[in-house]
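Here the structure is laid out as structure tokens; the discussion comes afterwards.
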Amino acid sequence: MTVLRDLVDEPDILLAPGIFDALTGHVAERTGFRAAYLSGASVAYTRFGRPDVGLVCMSEVADTLAAIRDRITIPVIVDGDTGFGNALNVIRTVKLFARFGASAIQLEDQSLPKRCGHLNEKRLVPMDEMVGKVKAALDARPSEDILIVARTDAVAVEGLDAALDRAAAYRDAGADILFVEALRSGNEIEAAMNRLGGTVPLLANMVEGGRTPIMSAANLQRLGYSVVIFPGGLVRALTKTMEEYFSSLYEHGTTKPFRDRMLDFEQLNDVVGTQNMLEFGRRYE
């Protein structure tokens, strides 16, 4: 299995699409992506039909990760929210996610209940508390091949300078990757790189319609970023398609008008590997 650290250290930026189950992970790997990002928000949207406001619990993310890891081999960066509590909870979260196949675990400095990084009215834990969580995560991981991503949501709460101070503190605590969430302009994206770049890999988060202007992987690479995630783009694309599909089926009473936008039975079986699995099963008959 590819080690995520090796991919992050390459000159080319690592582009990781958001996934939320084994099928989306499988299609991402089949497409050629070298890593994927298990988005907590996308799990909330798809599994519960609810917003990203801290409703998903640790065991639900772990169960999702286990199903994904059973299907794909590429590295998976896992959204660990706040660690689901204090430093002791972080230790349990890191150990569990590592056991289920996480390649990196992302932790953020919001307080409970957390919310999507591009929503208003976020609240933060003190910087020292988050430093302790980062140290707890580093102590809990079974291998240095499992990276700890430290995210700060302070831009919207305390301003850019304070957010960069927090990120620097998390770096000094030993975080492998820094993630400054919800930067509000190209200038702020560059400012984060100017302050923190060259000392530790930086991750950029692209959310369609969110606080941060969308930039391509190539442009972010030119600025010096090491990783870029598009965590919820797939859910937004699928939800639009679902609305159109259901509207068409409701109106026409058949899927025929929508067929050119669908896989048929055999095509879907090809994607999920039905024939290969049946042939494998025959070994035991």
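The values are calculated or read from the model by the stated rules, or taken from the named source; none is laboratory data. Since this is a predicted model, take the numbers as computed values, not measurements. Note that each Cβ is placed from the backbone with ideal geometry, even for glycine, and that neighbours are counted across all protein chains shown. Accessible surface areas use protein heavy atoms only, side chains included; no ligands, DNA or RNA. Shrake-Rupley method; radii C 1.70, N 1.55, O 1.52, S 1.80 Å.
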- [ ] Just name the residue that is most open to solvent (accessible area, probe 1.4 Å) out of those in the stretch 171-192 that are over 18 Å from Ala156 (Cα atoms) and not acidic (Asp, Glu).
- [x] Arg171
- [ ] Residues that are touching a helix residue (DSSP H, G or I) at 6+ places or on another chain (Cβ under 8 Å), of a type in the set (Ser, Thr, Tyr) and more than 22 Å from Asp9 (Cα to Cα): find the strands (runs of 3 or more DSSP E) completely inside the stretch 85-198 holding 3 or more of those.
- [x] none
Open item on the list: Let me spell it out: the conditions are (1) basic (Lys, Arg); (2) open to solvent by 10 Å² or more (accessible area, probe 1.4 Å); (3) under 21 Å from Ala44 (Cα atoms), and Lys114 meets all of them except one. Which number is the exception?
Closed with: (2)
Open item on the list: Please verify whether Phe280 is exposed (fewer than 14 other Cβ atoms within 10 Å of the Cβ), without any contact (Cβ under 8 Å) to a residue 40 or more places away in the chain, aromatic (Phe, Trp, Tyr) and within 26 Å of Ala44 (Cα to Cα), treating the condition exactly as stated.
Closed with: no
Task: the stretch 194-203: number of residues that are modelled with pLDDT of 95 or more, over 11 Å from the mean Cα position of the chain (by Cα) and open to solvent by less than 80 Å² (accessible area, probe 1.4 Å) - done: 4
Open item on the list: Thr82 - would you say it is crowded, with 18+ Cβ neighbours inside 10 Å, within 16 Å of the chain's Cα centre (by Cα) and assigned to a helix (DSSP H, G or I)?
Closed with: no
Task: Long-range neighbours under 7 Å by Cβ, at least six apart or interchain, first residue of a type outside the set (S, T, N, Q) within the stretch 85-99, second assigned to a loop (DSSP other than H, G, I, E, B) - done: Val90/Gly83; Val94/Arg141; Phe97/Gly80; Ala98/Arg141; Ala98/Pro142; Ala98/Ile146
- [ ] Would you mind finding the one in Arg34, Arg50 that is within 16 Å of Leu238 (Cα to Cα) and part of a loop (DSSP other than H, G, I, E, B)?
- [x] Arg50
Open item on the list: Cβ-Cβ under 7 Å, sequence separation 6+ or interchain: first residue in the stretch 108-124 and touching a residue at least 24 places away in the same chain (Cβ under 8 Å), partner open to solvent by 20 Å² or more (accessible area, probe 1.4 Å) and in a strand (DSSP E or B). Which pairs?
Closed with: Asp109/Leu124; Gln110/Leu124; Ser111/Leu124
Open item on the list: Going residue by residue through the stretch 118-135, is there one that turns out to be of a type in the set (Asp, Glu) and open to solvent by less than 30 Å² (accessible area, probe 1.4 Å)?
Closed with: no
Task: Filter result for the condition that a residue is in contact (Cβ under 8 Å) with a residue 12 or more places away in the chain, out of contact with any strand residue (DSSP E or B) (no Cβ under 6 Å at 6 or more places or on another chain) and open to solvent by less than 40 Å² (accessible area, probe 1.4 Å), over Val235, Val272, Val228 - done: Val235
Open item on the list: Considering only the stretch 56-68, I want to know if a residue exists there that is surrounded by fewer than 17 Cβ atoms within 10 Å (Cβ to Cβ), under 29 Å from Val157 (Cα atoms) and acidic (Asp, Glu).
Closed with: yes
- [ ] Of the conditions (1) touching a Lys or Arg at 6+ places or on another chain (Cβ under 7 Å); (2) assigned to a strand (DSSP E or B), Ile74 clears all except one; give me its number.
- [x] (2)
Open item on the list: Criterion first (open to solvent by 50 Å² or more (accessible area, probe 1.4 Å) and without any contact (Cβ under 8 Å) to a residue 40 or more places away in the chain) does Pro142 satisfy it?
Closed with: no
